[in-house]
Structure formats: structure tokens, C-alpha cells
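To start, the structure itself, in C-alpha cells.
Just so it is clear, none of the values below were taken in a lab; they were calculated from the coordinates. Predicted model only: the values in this text are computed from it and were never measured. Because the Cβ atoms are built from the backbone with ideal geometry, glycine has one as well, and the counts that use them run over all protein chains shown.
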């Protein structure tokens, strides 16, 4: 992507402090005045040790945490939406079509078969059932999830298998913006390589990504730059 | 408006069903209220709805008391959707049910809500039900709204002391 294409994510002066009302109103400042811009085709990897606020930043960008101050603008349908101020309906719409999120853990809806779970993001975007099924089986095969598992709900799968289901859900459609929270944490080397390929081809097609990777090989393979979150550390 | 465009699913099926008439009649009744008089058509619509809520259509003439609690709740759901409402109120719809029955009913409700493009207001004490079913969450205490927002945001980063207390009190399994 050219350097002139519009920014996909603009984080402006973001601050997050947790206030625990049931613990004597203890406050836990995480970061403040945080600024970050991500262009299409860029994969920004959040760096820093545990507890520095990497996941908090990512969850704030997804609208899952409510920042204390500042804004997060995401390019959606050719215009910016500020996730921190948008109405819930709007955030859901941005998540449905623009903003994908791969967490470390699969949050499963009980008793829904794997194939159905993977097809869901396509069905929600109006793709017909046969086409969705075709693409889901293609991706699950590429991720080497045994075919015998496809009609089973993933609740009883191993950690690595659940993670691949999670990855399949997020890569089955081309989200323009993807947030990756340790998507390869419980995968073996071969499966990590497959996921690295998925990430690289999405980047080549212009997706913008923010990632957290503890695995250095994966990080070096996909990162276009590192972003140390600690430089915005808020004083306690 | 109440008859044509709304539905109301009570926590206790006995409050939402007429226990003296058959399950089928309970499902068909809203159509009658709305002026339908063609018995054959109403019976067919009832059979269709019993299938949608996964009940044995051969039991159409059985009285509600002869159905289990989960089945009674599904009769109540069918009764409240048959006339094509746009807004449905649900007061703890899975409150008194065994967890396996509860999971099945929640699946069914999720599917129906998506397929029929319904607006639903659901009252629940169960945070897991809220996370599974709801797009938006309103936390109330003592008759006042203390917090509103996107369901996952309110559950994962609650702001109000009472919401924080609620979320931190959920037992993990």
C-alpha cells in the first residue's frame, strides 16, 4: 500500500485508568497520552513486558474497554468512526464489517458445531450458505483441523485446536482492520507457520493490523514495526 | 399494539399460558384475537410453530400441564411469536429450567431473533445469558439505571460500583 493511503487506525491521546470501586476506589493507571497510527498493509506489534498495558490498549481499540480519555478512530466505509464515542449499534456494525479480533481464547457458544461457528462471520455479512460452507471447509483444511472435528462443537478440543477455530473465524473474511492478541500462543511450529502465511497474505491485500506476539519468530516474521507501550506509562 | 406487535414471555409458563386449553390452542389464540377465523389455517400455522420450537406436533391437543417445564416454555415462545410481533419482552425466560434445557432454549431464541429480525428486551440475573443473548446491556439498581452500553464492554470493564460488584461476584466454573 502506498504511504498516501488513508490511515486505518488513529489512536489519539488515549488514557486508561481502572477505578476499582469495591476496593477502596483503588486506581490503576495504565497509560496516558498514547498516540498510534496504523496504515493499510502495516502490522504494528505492541511491545513491552507483561502488565504494561498491551492487551488493555488492544481491548480499548476494539471497544471492549472504555478509555478514560482520548479517542480511537477506525476507518469504516470511507469515514472515521470514533469507537470510544460511537453508539453501541455503530460499534457492532464496525466490528461486523471492518474490525476483526482474534483473542487467545475461543469464547464458544455452547453446542454450535465448529463448521457453523467458522461460517458465521460470512453469514452475518450476507454470503450465501453454500459459499460460506465452501470457504469454511477450505480454511479449516488449510489449518489442518481434522475433518472429523468439523461437525463437533469446539468446547472439548485441545487448546491448539480451539485456537485454530478462532483464527479461522477471523480470517474467513477480509477484515480491513485486524487485532491479534497472541493468536499463535498454543500452536506448534507447523501451525504457526500456516498462521504467519495467513497474516502475511492479509497484509499484502491491505489489511491494517495491531498484534501482540510473545513468540519472537512469529513477531519477526509479521511485524512491520514495534510499538513500545511503556513509553506512555501513566504514573501511579 | 400489545396484541399485534408485542409479545411477552413470562418467567413462569403458567403465567403466560392458559392451563385449561390445549398446547395447540395456546399457540393459536393470538391469531384468533387478531381476527383470524379459518380453523384449518390456524391449525396449520400452529403445527408449523410447534415444529419451529422443536415440539412433537402429535401432542398438539395435550394440555400444558402434561408438558415438561422446558416444553411449556417453548409453547409460550411459540404463542408469543406466531402473530409476527416486532418487539418481544422476555422476563427471565430460562429462569426455572435445568441448564441443558436452558441451553437449548437459548439457542432456539437466538436463532429465532436473528431469522425474524426481532427486537427483544430480556430481563435476567444471569450474566452468561446476558453475554450470550444481548447486544446492549442496562444495569439497574433500586429502580434506577446505573450503567448502559455494549454488553461485552459493560461486563469486561464495568464502570459503576454496583456493576463492578455484580461482575466480580459471578462464580467461575
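Counting other C-beta atoms within 10 Å, which of A:50, A:158, A:8 has the fewest, and how do the rest follow?
Listed from fewest to most nearby Cβ atoms, that is A:50, A:158, A:8.
Relative contact order for chain B: what is it in percent, counting Cα pairs under 8 Å that are at least 6 residues apart?
After rounding, I find 22 percent.
Translational diffusion coefficient, Stokes-Einstein: compute it for chain A using the Kirkwood radius over C-alpha pairs as Rh, at 4 °C and 1.567 mPa s, and state it as an integer in µm² s⁻¹.
Approximately 70 µm²/s, per Stokes-Einstein.
Could you state the principal axis extents of the C-alpha atoms in segment A:73-115, from the largest down, to the nearest angstrom?
For segment A:73-115, the Cα extents along the three principal axes come out at 37, 18, 17 Å.
Test of understanding: ordering A:200, A:233 by Cβ neighbours within 10 Å, fewest first, what list do you get?
Going from sparsest to densest Cβ surroundings: A:200, A:233.
When the Cα centres of segment B:23-96 and segment A:55-82 are compared, how far apart do they sit, in Å?
44
Could you check the simple spin-label distance between residue A:156 and residue A:7, using points 7 Å along Cα→Cβ, in nm with one decimal?
My value for the distance between the label points is 4.9 nm.
By how many degrees, between 0 and 90 and to the nearest 10, does the Cα long axis of helix B:39-52 differ from the longest principal axis of chain B?
With both axes taken from Cα atoms, the answer is about 40 degrees.
Normalising by the residue count of chain A, find the relative contact order in percent from Cα pairs under 8 Å and 6+ residues apart.
That works out to 30 percent.
Would you mind calculating the relative contact order of segment A:104-236 from Cα pairs under 8 angstrom and at least 6 residues apart, reporting the percent as a whole number?
Reported relative contact order: 26 percent.
To the nearest whole number, what is the average tally of beta carbon atoms from other chains within 10 Å of the beta carbons of peptide A:60-66?
4
What does the structure give for B:154-165 when I average, per residue, the other chain Cβ atoms found within 10 Å of the residue Cβ?
3
How would A:150, B:49 line up from fewest to most surrounding beta-carbon atoms within 10 angstrom?
A:150, B:49
At 222 nm, what value in deg cm²/dmol follows for chain B if DSSP H runs of at least 4 each add -39500 (n - 2.57) and the sum is divided by all its residues, to the nearest 500?
-14000 deg cm²/dmol, from helical runs alone.
Okay, helix-only estimate at 222 nm for chain A: each DSSP H run of n ≥ 4 adds -39500 (n - 2.57), divide by all residues, round to 500 deg cm²/dmol; what do you get?
Roughly -10000 deg cm²/dmol at 222 nm, from the helical runs in chain A.
Length gain on complete extension for the stretch residue B:117 to residue B:38, per 0.36 nm per residue less the alpha carbon to alpha carbon distance?
Value of the extension gain: 25.7 nm.
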